[in-house]
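Okay, structure first, notes after.
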Amino acid sequence: MCDDLALKDKLLNALHLKNEEVLMDLLLEVCFELKGREWLEGFFMDVARADFCSDLRGLALTCLGHLARVYSEVSFDKVVPFLVEMKGCPGLEGRAQDALDDIDIFAAKG
């Protein structure tokens with residue numbers, strides 16, 4: 001993906017339209033292709049808290065963990081409390097814990 005703005009627009013449009021199919025196709029890819037860790041964190045948290053199927057919400061949580069692997073950092077003050085909260089959501093507990101584990105292993109604590 002060479003045009004970050006076009007991809008962001010596509011993602012935001014899919015989120016707004018609640019297009020789960022487009023989001024499922026793009027989420028994991030953008031972890032590695034799209035620049036802007038903080039923007040991605042916010043986007044993945046928006047997807048995870050939205051009224052989507054648990055597979056899509058879980059994938060968004062997994063992507064938060066992948067960001068720790070890719071960037072070796074996360075916004076600890078935002079992402080960690082969010083993931084802890086998501087551990088309380090039925091069906092998402094394991095995905096949230098996996099993302100927390102990735103952060104613990106791969107992200108440098110300031």
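Key figures
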item: Among the candidates Asp25, Asp46, Asp98, residue that is of a type in the set (Asp, Glu) and modelled with pLDDT under 95; result: Asp25
item: Residue list for the stretch 80-105, filter: in a helix (DSSP H, G or I) and touching a Ser or Thr at 6+ places or on another chain (Cβ under 6 Å); result: Arg95
item: Number of the condition not met by Val30 [criteria: (1) surrounded by 14 or more Cβ atoms within 10 Å (Cβ to Cβ); (2) at pLDDT below 95; (3) assigned to a loop (DSSP other than H, G, I, E, B)]; result: (3)
item: Subset of the stretch 8-22 [assigned to a helix (DSSP H, G or I) and over 15 Å from Glu41 (Cα atoms)]; result: Asp9, Lys10, Asn13, Ala14, His16, Glu20, Glu21, Val22
item: Positions within the stretch 15-69 being among the aromatic types (Phe, Trp, Tyr) and more than 16 Å from Leu92 (Cα to Cα), in sequence order; result: Phe32, Trp39, Phe43
item: Hey, Asp55 part of a helix (DSSP H, G or I), at negative phi and exposed (fewer than 14 other Cβ atoms within 10 Å of the Cβ) or not; result: yes
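The values are calculated or read from the model by the stated rules, or taken from the named source; none is laboratory data. The structure displayed is predicted, hence computed values, not measured ones. Glycine gets a Cβ as well: all are built from the backbone with ideal geometry, and neighbour counts include every protein chain shown.
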